[in-house]
Structures are given as structure tokens and as C-alpha cells.
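The values are calculated or read from the model by the stated rules, or taken from the named source; none is laboratory data. From a predicted model like this one, the values you see are computed outputs, not experimental measurements. Heads up, the Cβs are rebuilt from the backbone with ideal geometry, glycines too, and the neighbour counts pull from every protein chain shown. Keep in mind that these areas ignore ligands, DNA and RNA; they rest on the heavy atoms of the full protein, side chains included. Shrake-Rupley method; radii C 1.70, N 1.55, O 1.52, S 1.80 Å.
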Amino acid sequence: MEIKILSRGEESRVAAELAEKNHAQLRKELSFLPERTVDDFLRRLEWMIDKGRLFGQFEGRVMRAFMGCFTIENFRNEGPGSLTPDWCLYTEPGVEGRLQFSALFRTMLSDVLDDGVRIHAFGVYSSRRDIAEILDLFAYGRIVMDAAVPTAELDAALNGTAVPERSVEVVIAHDTDAEALAELDAELAAHIGRLPVLMPDPRGDDCEEWRQRLAEKDSAAFLARTPDGPCGFIKARNPQFDVTYCVHDDSVLAVDGLYVRPEYRGTGVGTRLLSEIVREAKSRGKRLISVDCETMNPEAYWFWIKYFKPITWSVLRRF
Ligand SMILES: CC(C)(COP(=O)(O)OP(=O)(O)OC[C@H]1O[C@@H](n2cnc3c(N)ncnc32)[C@H](O)[C@@H]1OP(=O)(O)O)[C@@H](O)C(=O)NCCC(=O)NCCS
């Protein structure tokens with residue numbers, strides 16, 4: 001077994017073929033996910049060769065597995081961290097795969113630690129339960145779930161769910177709601193900053209950022225309010241760089257914020273807000289709805305897992 005740094009050309013193409021095979025396996029379990037080609041992965045892996053490091057594990061001249069990572073200057077507001085995205089990791093299943101994983105991991109991580117980077121995270125497809133088990137044994141803990149559901153399926157699931165009290169109405173958010181939304185967003189950030197998530201320095205969008213966001217063509221936002229004032233919001237847009245590549249597609253509407261004030265929780269307001277996103281997705285012809293959430297945020301995790309299917313788990317270890 002030999003480990004080599006991969007270069008552009010034949011080596012990156014073989015790695016891209018393995019990445020495509022891995023993705024095809026994920027799509028066997030989650031057939032609603034957009035298709036990917038070898039070229040899609042080739043572009044990403046060549047980016048990794050330029051910006052990060054990419055290692056292949058060879059048996060003779062044949063590449064069997066690969067693993068790579070790159071450094072993010074301020075990873076989740078915690079300083080420099082290294083990330084292995086879900087598309088940048090392939091090992092064979094079974095015993096061979098475990099050996100490949102261990103060898104690649106040692107090589108890649110010693111490089112990361114030599115650079116003085118003390119945080120490393122993996123994205124792992126939910127179909128790779130074998131890799132998730134290894135990472136569990138290697139003391140990596142889950143931090144984020146990326147999940148999705150077909151719009152039609154969510155629509156059917158939400159049909160008939162309890163509606164909140166009449167006194168709560170949900171409306172499309174307008175420019176004039178920017179101040180109220182900024183206030184609610186600050187509360188959401190504070191929630192993420194407290195136990196059990198403890199995200200350092202979280203911040204929501206301020207009033208001006210909300211104005212800009214609401215003016216964007218692909219933005220969707222709804223406000224829940226009572227006669228006493230606003231009590232929650234939901235927002236969505238086209239998938240951005242910070243969510244799994246699996247959902248980067250025109251057919252996807254990505255939810256990137258949901259909040260209900262504590263005194264209104266558990267009465268169906270969150271569900272009602274989500275129903276508006278479904279309606280919006282249908283009217284835009286979006287076939288899929290995606291979301292990502294902190295796994296250690298219990299309210300959010302249990303809300304999303306009720307309707308959405310995990311695509312990728314992100315796991316992290318501090319060294
Ligand atoms: C997540 C949140 C928006 C849910 O809003 P909500 O109005 O309480 O949600 P609903 O009343 O519509 O609950 C729908 C379902 O979610 C699940 N759920 C919601 N909160 C839950 C909790 N604390 N524990 C377990 N399940 C929960 C339940 O299955 C519930 O259905 P049920 O009442 O039939 O059992 C709300 O808890 C919140 O604002 N949390 C803090 C901010 C946050 O974490 N936002 C998400 C960022 S990704």
C-alpha cells in the first residue's frame with residue numbers, strides 16, 4: 001500500500017471516478033438527490049489539489065482510495081480549521097477500506113497538525129455508515145446535519161398537521177419587516193451561542209443586511225406574528241457554498257434560518273412557517289427542499305429530522 005500526493009490529470013480523474021461511484025451509492029438510498037458526473041467531481045478535486053492537499057492510496061499502479069482537505073481561516077468562528085468535504089473522501093467498503101482509511105488519515109492529519117491547525121472536520125455521506133463508525137472510534141463528534149426532502153413529499157407530510165392558534169398569522173416578509181427580522185435573528189444567534197451549541201460569536205443579519213436579503217431575487221422569507229408583535233420567521237434561498245454540494249442545484253430551495261420565540265414554541269408555528277416554504281418551493285418549481293442544522297441544537301434537530309432525510313453528517317475533532 002502506497003500513499004501519494006495526487007496531481008492533475010490521470011490521477012485526479014481516477015479519484016473523480018471513485019467520488020462519482022460514492023455519490024451514486026448515496027443516490028441509491030436517496031434517489032431524489034441531483035445526479036453528478038465524473039467531471040463535476042473532477043473540477044472540485046482539481047480545486048482541492050490547488051488549494052489544499054489530496055492523497056491517494058495505491059496498490060501497485062491502481063488507486064483504491066483517496067482523502068483530502070483544505071484549511072479555512074476562521075472555521076465556525078473558532079480559528080483555523082481543516083475540512084474534508086463529503087466529496088473528498090473515498091475508501092472501499094469492508095476491512096480493506098478500514099486499512100485505507102487509517103493510512104490516509106495518518107498521512108493527511110499529520111500534515112494538518114504540522115501546519116499548527118488544531119481543528120479538523122469531515123463531511124460524510126449518510127450512506128457511508130462504515131466511515132461514520134470509524135470516525136466515531138477516532139473520537140470525532142457530529143456537529144452538523146445536512147438534510148433534504150422532496151417538496152411533494154413534505155407537502156403531503158404537512159397536510160393535516162396541527163395549525164397554530166388563530167392569533168398567529170404568517171405573512172410574506174417585506175422591506176418594512178427588516179427591523180423585526182433583525183431582532184428575531186439576533187435572538188436566534190443568541191440561542192446558538194448558548195448551551196448546548198455554544199457557537200462562539202454567533203451573529204444574525206442586521207437590519208440593513210435583511211433589507212438586502214429581502215431584495216434578492218432568489219430570497220424567500222416569511223414572518224409569523226400575533227396581535228402583540230412578531231414571533232418567528234423562516235428564510236430560504238438557492239443553496240450557498242456552506243451546504244453540502246449534493247444539493248447545489250437549480251431544483252433545490254435551501255432553508256437557512258428558522259426561529260420561533262420560546263413562548264410560542266410547540267404549538268405548530270414552526271410547522272406553519274415551513275408550510276409557506278413548501279408553497280414557495282412549489283410555485284418556483286423547486287423539486288427539493290434542503291436544510292442544515294447543528295446536531296447539538298435539540299429543538300432544531302428534532303424539528304428537522306421529523307420531515308427531512310440526512311444526506312451528510314459533519315463530524316469534528318479538536319487536537
Ligand atoms: C426549531 C423551532 C423553530 C421549532 O418551532 P416550533 O414552533 O416549536 O415547532 P412546532 O411546534 O411546529 O413542532 C413541530 C415538531 O417538531 C418537533 N419538535 C419541535 N421542538 C422540539 C423539541 N424541543 N424537542 C423535540 N421535538 C421537537 C416535534 O416533533 C414537533 O411535532 P409534535 O409537536 O407533533 O411532536 C423552535 O424550537 C426554535 O425556534 N428553536 C430555536 C431556534 C432554532 O434552533 N432554530 C433552528 C435553526 S436551524
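Quick test for you: out of A121, A173, A157, pick the one residue that is outside the structural domain of G56 (by TED's automatic domain parsing) and buried (at least 20 other Cβ atoms within 10 Å of the Cβ).
A173
Answer with yes or no whether R287 is touching a Gly at 6+ places or on another chain (Cβ under 9 Å), touching a residue at least 12 places away in the same chain (Cβ under 8 Å) and not β-branched (V, I, T). Give the derivation first.
On the way: touching a Gly at 6+ places or on another chain (Cβ under 9 Å): no; touching a residue at least 12 places away in the same chain (Cβ under 8 Å): yes; not β-branched (V, I, T): yes.
Taking the combined requirement at face value, the residue does not satisfy it.
Where in segment 1-120 are there helices (runs of 4 or more DSSP H), lying fully within it, with 2 or more residues that are among the hydrophobic types (A, V, I, L, M, F, W, C) and closer than 30 Å to P202 by Cβ? Write out each step before concluding.
Values: elements: 10-29, 38-51, 94-114.
Ranges flagged: 38-51, 94-114.
Say we look at segment 239-248 and pick out the residues that are surrounded by 18 or more Cβ atoms within 10 Å (Cβ to Cβ) and not hydroxyl-bearing (S, T, Y); which of these is nearest to the ligand (Cβ to nearest atom)?
V243
Could you count how many residues in segment 282-314 are within 13 Å of D155 (Cα to Cα), in contact with a helix residue (DSSP H, G or I) (Cβ under 8 Å, 6 or more places away or on another chain) and either surrounded by fewer than 17 Cβ atoms within 10 Å (Cβ to Cβ) or charged (D, E, K, R) (or both)?
Total satisfying the criteria: 3.
Step by step: first the residues of segment 257-272, then only those that are part of a loop (DSSP other than H, G, I, E, B), within 6 Å of the ligand (Cβ to nearest atom) and on the phi < 0 side of the Ramachandran plot, then the one that is least open to solvent (accessible area, probe 1.4 Å). Which residue is that?
Among those that are part of a loop (DSSP other than H, G, I, E, B), within 6 Å of the ligand (Cβ to nearest atom) and on the phi < 0 side of the Ramachandran plot, it is T267.
Criterion first (of a type outside the set (A, V, I, L, M, F, W, C), open to solvent by 20 Å² or more (accessible area, probe 1.4 Å) and assigned to a helix (DSSP H, G or I)) does D205 satisfy it?
Answer is no for this residue.
Being more than 16 Å from the ligand (Cβ to nearest atom) and of a type outside the set (A, V, I, L, M, F, W, C) is the filter here; which residues of segment 174-212 pass it? Give the steps one after another, and end with the answer.
The first filter runs over segment 174-212 and keeps only residues more than 16 Å from the ligand (Cβ to nearest atom), leaving 174-179, 200-201, 206-212.
The answer is H174, D175, T176, D177, E179, P200, D201, D206, E208, E209, R211, Q212.
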